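Take a look at the structure below.
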Amino acid sequence: MPQKLQCCLYHSELDPEALVVCVPDILKEARRFNKAHQITGLLMFDGHRFAQYIEGPPDIVELLIDKLYNDPRHANFTQQYNALRTCDRLFPSWSMAYVLLEGDNPLRVITSLRGDLAMKKLEKMVPDLNFD
Ligand SMILES: Cc1cc2nc3c(=O)[nH]c(=O)nc-3n(C[C@H](O)[C@H](O)[C@H](O)COP(=O)(O)O)c2cc1C
């Protein structure tokens, strides 16, 4: 059943001062908070770049965006899409799905897109992703 959801997609880069080993901690922290606050979504990482999609109640998503913007573990936070939509969740059963991408991967393309084009590309990518 469609709901009013704030949907946000951004990309960023692992901060040069941060280590790749911080990613499991980020995921653990994210899943705990998101589960408690009706947030679902996807985190993609290729060893250097992140792209994350978050969907949930508007006030919580805005609060989370603020935390993300200020998190020193990543840099160059670039918001690609942020809109209130009446839609079904893209990740109804994932407090934060995770994909580690290797080699020439779709992050190169998706991080170059903005607005509806970025969102459409994400929707198209989802069925081909093996997340856990
Ligand atoms: C790439 C990346 C993705 C993150 N995703 C989430 C998330 O989905 N949910 C979440 O609660 N925290 C996430 N975090 C962690 C937040 O930025 C922040 O550290 C956390 O919410 C705790 O903030 P607080 O100490 O101000 O409460 C993420 C951090 C990074 C670097």
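FYI, it's all coordinate maths here, none of it is from the lab. Small disclaimer: the values here were computed from a predicted structure and weren't measured. Neighbour counts run over all protein chains shown; Cβ positions are idealised from the backbone, glycine included.
Below are the figures for this structure:
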item	result
Any hit, the stretch 35-46, residues being hydrophobic (A, V, I, L, M, F, W, C) and loosely packed, with under 13 Cβ neighbours inside 10 Å	yes
Residue within the stretch 68-81 that is surrounded by 19 or more Cβ atoms within 10 Å (Cβ to Cβ), touching a residue at least 12 places away in the same chain (Cβ under 8 Å) and away from the ligand (no atom under 13 Å from the Cβ) present	yes
Options 112, 95; residue that is within 13 Å of the ligand (Cβ to nearest atom), assigned to a loop (DSSP other than H, G, I, E, B) and of a type in the set (Gly, Ala, Ser)	95
Complete set of residues in the stretch 91-101 that are surrounded by 14 or more Cβ atoms within 10 Å (Cβ to Cβ) and free of Cβ contacts under 8 Å to residues at least 60 places away in the same chain	91, 94, 97, 99, 100, 101
Filtered residue count, the stretch 49-67, keeping only those that are within 12 Å of the ligand (Cβ to nearest atom) and in contact with a Leu (Cβ under 7 Å, 6 or more places away or on another chain)	8
Any pair with Cβ under 7 angstrom, 6 or more apart, that starts in the stretch 25-48 at a residue that is closer than 21 Å to residue 72 by Cβ and in contact (Cβ under 8 Å) with a residue 12 or more places away in the chain and ends at one that is more than 6 Å from the ligand (Cβ to nearest atom) and in a helix (DSSP H, G or I)	43/27; 44/107; 45/23; 46/107
